[in-house]
Amino acid sequence: MPDFPAIRVGQGFDIHPFSTDPDRPMMLAGVAFPGPGLAGHSDADVIAHAVTDAFLGAAGLGDIGSHFPDTDPALQGADSIELLRAAMRGVRDAGWTPLNADCSVVLDAPKLAPVREAMQERLTEAVGAPVTIKGKRPEGIGALGRGDGIACWAVALVARPQ
Ligand code: MG
């Protein structure tokens, strides 16, 4: 058996409803959009959360809720890019090198294409490896199709020497 490096894949999912507060800002992949934003304890950055969970899963380090509980008052309104950075420090401390992540975001609005590059750069910088983002329309199906919220799926790959 060849001496392959250890490679692990992780999967992350997150979903947040839209806030009823018209003044709440929208943060997606660390980029600000006009509100209303998504409801949540932190800044509710659904893309950053899915990427965080994907890398934590790949490294066998649990999930975002165990590291950053939504009952922690210190995390009220937290910048999810900073949470992602902290999670990536944990991934590296466990001996894993991030290779890449890829995200599918399900939403009708806001339009991601005009800021896709900016979002990818923000996540890529925070992770220290390429992160790509694809937007998908929910085609009118279910709660996402009614515009109740935004969901994101992410996969991430990590490696370490044997
Ligand atoms: Mg979340």
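The values are calculated or read from the model by the stated rules, or taken from the named source; none is laboratory data. Note that the structure is a prediction, hence the values are computed from the model and not measured. In this analysis, Cβ positions are derived from the backbone assuming ideal geometry, glycine residues included, and neighbour counts consider all displayed protein chains. In case anyone asks, the SASA skips ligands and DNA or RNA and just uses the protein heavy atoms, side chains included. Shrake-Rupley method; radii C 1.70, N 1.55, O 1.52, S 1.80 Å.
Could you say which residue among Gly10, Gly35 is surrounded by 11 or more Cβ atoms within 10 Å (Cβ to Cβ) and either part of a strand (DSSP E or B) or at pLDDT 95 or above (or both)?
Every option except Gly10 fails the conditions.
Would you confirm, using the coordinates I've provided, whether Ile141 is surrounded by 13 or more Cβ atoms within 10 Å (Cβ to Cβ) and of a type in the set (Val, Ile, Thr)?
Taking the combined requirement at face value, the residue does not satisfy it.
Which of (1) open to solvent by less than 70 Å² (accessible area, probe 1.4 Å); (2) within 20 Å of Leu84 (Cα to Cα) does Asp108 not meet, given it meets every other one?
(2)
For the stretch 135-142, does any single residue satisfy the condition of being part of a strand (DSSP E or B) and under 14 Å from the mean Cα position of the chain (by Cα)?
Yes, some residue in the stretch 135-142 is part of a strand (DSSP E or B) and under 14 Å from the mean Cα position of the chain (by Cα).
Could you please let me know if Thr132 is open to solvent by 50 Å² or more (accessible area, probe 1.4 Å), hydroxyl-bearing (Ser, Thr, Tyr) and at pLDDT 95 or above?
yes
Going by what's in this entry, would Asp43 be described as part of a loop (DSSP other than H, G, I, E, B), open to solvent by 80 Å² or more (accessible area, probe 1.4 Å) and either over 16 Å from Asp79 (Cβ atoms) or within 13 Å of the ligand (Cβ to nearest atom) (or both)?
no
Kindly provide the set of residues from the stretch 12-27 that are among the charged types (D, E, K, R) and either more than 10 Å from the ligand (Cβ to nearest atom) or more than 17 Å from the chain's Cα centre (by Cα) (or both), ordered by number.
Residues satisfying the conditions are Asp21, Asp23, Arg24.
Given the residues Ala54, Ala94, Ala86, Ala78, which is the only one that is open to solvent by less than 50 Å² (accessible area, probe 1.4 Å), of a type in the set (A, V, I, L, M) and more than 16 Å from the chain's Cα centre (by Cα)?
When all the criteria are applied, what remains is Ala94.
Please list, ordered by first then second residue, the pairs with beta carbon atoms under 6 Å, 6 or more apart or interchain, first in the stretch 103-116 and farther than 18 Å from Gly37 by Cβ, second among the aromatic types (Phe, Trp, Tyr).
Listed by first residue and then by second, the contacts come to Ser104/Trp153.
Tell me whether the stretch 71-92 contains one or more residues that are more than 16 Å from the ligand (Cβ to nearest atom), of a type in the set (A, V, I, L, M, F, W, C) and part of a strand (DSSP E or B).
Within the stretch 71-92, none of the residues are more than 16 Å from the ligand (Cβ to nearest atom), of a type in the set (A, V, I, L, M, F, W, C) and part of a strand (DSSP E or B).
For the stretch 57-68, name all the residues that are surrounded by fewer than 24 Cβ atoms within 10 Å (Cβ to Cβ) and within 14 Å of the ligand (Cβ to nearest atom).
Asp63, Gly65, Ser66, His67, Phe68
Output yes when any residue across the stretch 1-18 is among the charged types (D, E, K, R) and in contact with an Asp or Glu (Cβ under 8 Å, 6 or more places away or on another chain), and no when none is.
Scanning the stretch 1-18 turns up at least one residue that is among the charged types (D, E, K, R) and in contact with an Asp or Glu (Cβ under 8 Å, 6 or more places away or on another chain).
So, in the stretch 57-70, how many residues would count as being out of contact with any His (no Cβ under 6 Å at 6 or more places or on another chain) and either at pLDDT below 90 or among the charged types (D, E, K, R) (or both)?
Residues flagged as out of contact with any His (no Cβ under 6 Å at 6 or more places or on another chain) and either at pLDDT below 90 or among the charged types (D, E, K, R) (or both) within the stretch 57-70 amount to 2.
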